[in-house]
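Have a look at the structure below before the remarks.
The values are calculated or read from the model by the stated rules, or taken from the named source; none is laboratory data. Here the structure is a predicted model, which means the values were calculated and not measured. Cβ: placed from backbone, ideal geometry, glycine included. Neighbour counts: every protein chain shown. Accessible surface is based on the protein model in full, side chains and every heavy atom, while ligands, DNA and RNA are left aside. Shrake-Rupley method; radii C 1.70, N 1.55, O 1.52, S 1.80 Å.
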Amino acid sequence: MRIRRSLSWLLTAVLFSSVHTGVASAQTTDATLGISYSFLRLLDGADLNMPAGWLVSFAAPVDRSAISLVGEVAGNYRSEFGETLRLHTFQGGLRLSGRTAPGVDPFAQFLLGGLNSSCCGSSTTIFVIEPGFGVDLGMGRGLALRAGISFPIGFDDGDAYKSLRLQAGVVLPIASR
């Protein structure tokens, strides 16, 4: 039920952003909205795949530079034996973007924030950092396809919990100057 609500929200965001795309594409894009599928693998002995997931990011360049401020929210889920493990990250940080060829924009980013895990009636939130990198492939009219990989690391009571996140999605322009 919760996954359906999340997917409904994502579809609404895509539709709203696609209506705005035609207006923004004639101008220089500053802010972008990324909407992606997210696959998460918990490492460090857990070796647990969480194949149901989503990721939404917002990025705005700092003074039209290659550096952007980024906000990101993601959720990953796994159901077994009638229970669902839910992991959500809420993060902010910096992204450094470059251009290697027309329409090819690689990026590296560093995010920090919180990771909330819940299952079986209990919930906990811990501090998380997430280094990552990826590439946006321009499709024209301000749209791009995104592929990325990142490494969320959660910290709790002196322990570090490592994971691997893969994402694939679209990038939409949402603001221009």
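Descriptive notes on the structure:
- Subset of segment 60-115 (residues that are touching a Gly at 6+ places or on another chain (Cβ under 9 Å), farther than 17 Å from I149 by Cα and among the hydroxyl-bearing types (S, T, Y)): Y77
- Close pairs from segment 144-168: first over 25 Å from D105 (Cα atoms), partner open to solvent by less than 80 Å² (accessible area, probe 1.4 Å) and hydroxyl-bearing (S, T, Y), Cβ under 8 Å, at least 6 apart: I153/S163; G154/S163; D156/T124
- Verdict on R99 being over 19 Å from the mean Cα position of the chain (by Cα) and of a type in the set (K, R): yes
- Per the listing R78, R41, R86, the residue uniquely under 24 Å from A108 (Cβ atoms) and either in a strand (DSSP E or B) or open to solvent by 50 Å² or more (accessible area, probe 1.4 Å) (or both) is R41.
- Only one of A66, A46, A60 that is under 25 Å from F155 (Cα atoms) and open to solvent by 20 Å² or more (accessible area, probe 1.4 Å): A46
- Neighbours by Cβ (under 8 Å, 6+ apart or cross-chain): first from segment 45-65, assigned to a loop (DSSP other than H, G, I, E, B); second of a type in the set (A, V, I, L, M) and open to solvent by 60 Å² or more (accessible area, probe 1.4 Å): V62/L69
- Tally, over segment 67-95, of residues that are without any contact (Cβ under 8 Å) to a residue 60 or more places away in the chain, under 19 Å from L33 (Cβ atoms) and out of contact with any Asp or Glu (no Cβ under 7 Å at 6 or more places or on another chain): 13
- Restricting attention to segment 109-128 and to residues that are among the polar types (S, T, N, Q) and more than 18 Å from the chain's Cα centre (by Cα), the residue that is nearest to S79 (Cα to Cα) turns out to be S118.
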